[in-house]
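Novice: The structure follows.
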Amino acid sequence: MPITAKYILICDDVRREDNGKIIIVGMYIQDMIVPQLPFTMPTLAFFLNLESDRPGNFSFQFKLQHQESGTLIAQGMGMAPVNIPHAPIIMPVKIGNILFKQEGLYSFGIEFERETPIVASFAIRLGSNITPAGGAIMPSN
């Protein structure tokens, strides 16, 4: 398989400083607690650390969906250039204005050129205290 995931971080935002450092804002390790449903999240970011066994330009498609109902929340596509095999590929994917209508398990899946999708799951839960925490979501291949 040409592209594999080392890890995926789910967070509110990912930014790159002028000096090249990456800022991870509001990283989640457990359920995302929202104050009401429906709830619009201004930005949700998926910080992917990937690796490829060969160089090339790899097209990809991603989708965000509610697992139980199969409802598609967001989707997109892009291109990932790989110059050096086995070097880290740092790839943030940001999605804006996501409308979550129901609690439950959601999945972010990214698929590179007819390969098995790389998937990270997270839960949306109704509550009164929104507290992001740090951690990594290990992808299931």
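Novice: Based on this model, can you work out whether GLY78 counts as exposed (fewer than 15 other Cβ atoms within 10 Å of the Cβ) and without any contact (Cβ under 8 Å) to a residue 12 or more places away in the chain?
Specialist: On the way: exposed (fewer than 15 other Cβ atoms within 10 Å of the Cβ): yes; without any contact (Cβ under 8 Å) to a residue 12 or more places away in the chain: no.
Taking the combined requirement at face value, the residue does not satisfy it.
Novice: Just for the range 94-117: of the residues that are among the hydrophobic types (A, V, I, L, M, F, W, C) and at pLDDT 95 or above, which one is nearest to ILE22 (Cα to Cα)?
Specialist: Only one residue fits best here, namely ILE95.
Novice: Same structure again: If we keep just the residues of the range 1-14 that are surrounded by 12 or more Cβ atoms within 10 Å (Cβ to Cβ) and in contact with an Asp or Glu (Cβ under 7 Å, 6 or more places away or on another chain), which is modelled with the lowest pLDDT?
Specialist: Checked the range 1-14; the qualifying residue modelled with the lowest pLDDT is PRO2.
Novice: Same structure again: Could you please tell me which pairs satisfy a Cβ distance under 6 Å, a separation of 6+ or placement on different chains, a first residue in the range 90-103 that is in contact (Cβ under 8 Å) with a residue 12 or more places away in the chain, and a second residue that is of a type in the set (D, E, K, R)?
Specialist: GLU103/ARG125
Novice: Also, quick follow-up: Consider the range 122-141. How many of its residues are under 27 Å from GLU51 (Cα atoms) and at pLDDT 95 or above?
Specialist: Selection size over the range 122-141: 2.
A quick yes/no check of all residues on (1) under 16 Å from ILE90 (Cβ atoms); (2) in contact (Cβ under 8 Å) with a residue 60 or more places away in the chain; (3) touching a Pro at 6+ places or on another chain (Cβ under 8 Å):
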| position | (1), (2), (3) |
| --- | --- |
| LEU9 | yes, yes, no |
| GLU17 | yes, no, no |
| PRO35 | no, yes, no |
| GLU51 | yes, no, yes |
| GLY56 | no, no, yes |
| GLN61 | no, no, no |
| GLN67 | no, no, no |
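Rundown of residues vs (1) of a type outside the set (S, T, N, Q); (2) closer than 20 Å to ILE124 by Cα, yes/no style:
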| position | (1), (2) |
| --- | --- |
| PHE39 | yes, yes |
| ASN49 | no, no |
| SER69 | no, yes |
| PRO85 | yes, no |
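Novice: Let me ask something additional. List the number of the failed condition for GLU17; all other conditions in (1) closer than 28 Å to PRO2 by Cα; (2) at pLDDT below 95; (3) acidic (Asp, Glu) hold.
Specialist: Every listed condition holds for GLU17 apart from (1).
Novice: Next up: Considering only the range 41-75, how many residues are within 25 Å of ASN97 (Cβ to Cβ) and either surrounded by fewer than 13 Cβ atoms within 10 Å (Cβ to Cβ) or among the small types (Gly, Ala, Ser) (or both)?
Specialist: Residues that pass the stated criteria total 9.
The values are calculated or read from the model by the stated rules, or taken from the named source; none is laboratory data. Worth saying up front: this structure is predicted, and the values here are computed from it rather than measured. In this analysis, Cβ positions are derived from the backbone assuming ideal geometry, glycine residues included, and neighbour counts consider all displayed protein chains.
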